[in-house]
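The values are calculated or read from the model by the stated rules, or taken from the named source; none is laboratory data. Quick caveat, the model's predicted, so the values are computed rather than measured. No Cβ is skipped: glycine too gets one built from the backbone with ideal geometry, and neighbour counts run over all protein chains shown. Only protein heavy atoms, including side chains, enter the accessible area calculation; ligands, DNA and RNA are left aside. Shrake-Rupley method; radii C 1.70, N 1.55, O 1.52, S 1.80 Å.
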Amino acid sequence: MNYKLRIPCRIVSLAVLIAMLTAPALAKKVPTSDERPGRIAATVTDPNGDPVPGATVVLQGPGSSEPYTTVANEDGFFELHDVRSGIPYRVTIQANGFADWTSASVVLEPGQYKILTGCKLRLEAVQTSVNVGFSSVEVATEQVRAAEKQRVLGVIPNFYVSYDRQPEPLTRKLKFELAMKVSVDPVTAMGVGFVAGVRQAANSPDFQQGAKGYGQRFGVTAANGFSDIMIGGAILPSLLHQDPRYFYQGTGTTTSRIFHALSHPFVCLGDNGHLQPNYSSLGGDLASAAISNAYYPQSNRGVGLVFGNFAVGTAERVISSLAQEFLLRRVTSKASK
């Protein structure tokens with residue numbers, strides 16, 4: 001063979017050999033047309049159509065595959081590269097002050113450049129709550145104002161019962177105001193006059209008969225009532241932080257309501273909302289009975305008068321509580337429903 005022809009033949013052979021050796025490697029590096037990745041792009045805007053720079057864009061595939069995250073540029077534009085074809089993806093966009101936006105499922109064709117449309121973020125819903133409240137003192141004041149309108153048969157004061165399901169504790173001022181309101185009510189004076197008449201007929205206490213004796217009995221009855229209500233309804237409740245009112249139960253079994261009423265002269269609600277021994281009521285009855293020694297006739301004075309009046313006062317509270325629980329609510333005007 002001619003020497004000049006040998007060199008080209010060798011070169012061709014060498015080229016063929018190199019091609020044969022590198023073909024597998026090249027075949028691995030060059031993707032087929034079905035494997036070419038695609039891209040997804042879009043511009044993020046606000047409700048006014050203005051771009052939203054810095055929005056976080058998350059591309060999430062099915063299952064637990066790692067999400068692809070990028071950030072929109074200053075023009076709100078973003079582009080997701082190397083997105084595999086044939087796989088359903090969702091694009092979620094997040095930005096401060098806006099509600100999250102999530103696209104419908106996106107499946108790219110091999111090598112597709114997909115432009116998402118409608119990437120308009122809505123303003124995040126802001127929940128604003130305005131609490132219009134009243135202080136405990138204001139609520140208690142309104143509850144007392146309502147109680148001061150309560151009258152049995154529209155006439156007899158029934159101020160010391162609370163029908164509120166959530167009663168507020170009374171301030172010292174309200175306790176004294178309520179006591180004075182009952183004491184100076186015209187119907188209270190009429191009641192004192194009636195009791196004085198009954199005592200006049202029973203010749204008790206040992207005053208004389210006639211107008212003077214009636215006046216003395218009227219004064220004794222009024223003094224007893226006033227001292228009792230001021231000490232047991234205002235002074236001691238203020239000092240001991242106890243509530244002098246009866247709290248209507250109205251629900252539950254009859255037995256529970258009877259127990260509630262019978263226990264009231266002995267157990268009361270403290271200003272702290274806890275049940276306490278009713279030192280105010282018992283102390284008021286006892287103090288009033290003791291003070292009566294100062295103005296009763298000499299023949300009626302003594303330990304018997306004190307404890308006799310104390311027993312009568314306590315018994316009256318028991319009867320009054322039972323009446324409040326089972327009778328008076330029905331015939332009390334302005335009672336809370």
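So which residues in the range 66-103 are surrounded by 13 or more Cβ atoms within 10 Å (Cβ to Cβ) and acidic (Asp, Glu), if there are any at all?
GLU79, ASP100 - these are the residues of the range 66-103 that are surrounded by 13 or more Cβ atoms within 10 Å (Cβ to Cβ) and acidic (Asp, Glu).
On the given criteria, is ARG165 in a helix (DSSP H, G or I) and open to solvent by 30 Å² or more (accessible area, probe 1.4 Å)?
no
Quick one: in the range 66-108, of everything that is within 20 Å of PRO37 (Cβ to Cβ), in contact (Cβ under 8 Å) with a residue 40 or more places away in the chain and part of a strand (DSSP E or B), which residue is nearest to the chain's Cα centre (by Cα)?
VAL91
Please pick out the residue among ALA261, ALA335 that is in a helix (DSSP H, G or I), over 30 Å from ASP206 (Cβ atoms), of a type in the set (Gly, Ala, Ser) and out of contact with any strand residue (DSSP E or B) (no Cβ under 6 Å at 6 or more places or on another chain).
None of the others qualify; the one that does is ALA261.
Tally the residues that are assigned to a strand (DSSP E or B), under 24 Å from PRO110 (Cβ atoms) and open to solvent by 50 Å² or more (accessible area, probe 1.4 Å), restricting the search to the range 42-65.
Of the residues in the range 42-65, 1 are assigned to a strand (DSSP E or B), under 24 Å from PRO110 (Cβ atoms) and open to solvent by 50 Å² or more (accessible area, probe 1.4 Å).
Please indicate, with yes or no, whether at least one residue in the range 134-151 is under 30 Å from PRO297 (Cβ atoms) and either in contact with a helix residue (DSSP H, G or I) (Cβ under 9 Å, 6 or more places away or on another chain) or without any contact (Cβ under 8 Å) to a residue 24 or more places away in the chain (or both).
So far as the range 134-151 goes, no, none of its residues is under 30 Å from PRO297 (Cβ atoms) and either in contact with a helix residue (DSSP H, G or I) (Cβ under 9 Å, 6 or more places away or on another chain) or without any contact (Cβ under 8 Å) to a residue 24 or more places away in the chain (or both).
Filter the range 146-186 for residues that are touching a Phe, Trp or Tyr at 6+ places or on another chain (Cβ under 8 Å) and among the β-branched types (Val, Ile, Thr) and give the result.
VAL161, VAL182
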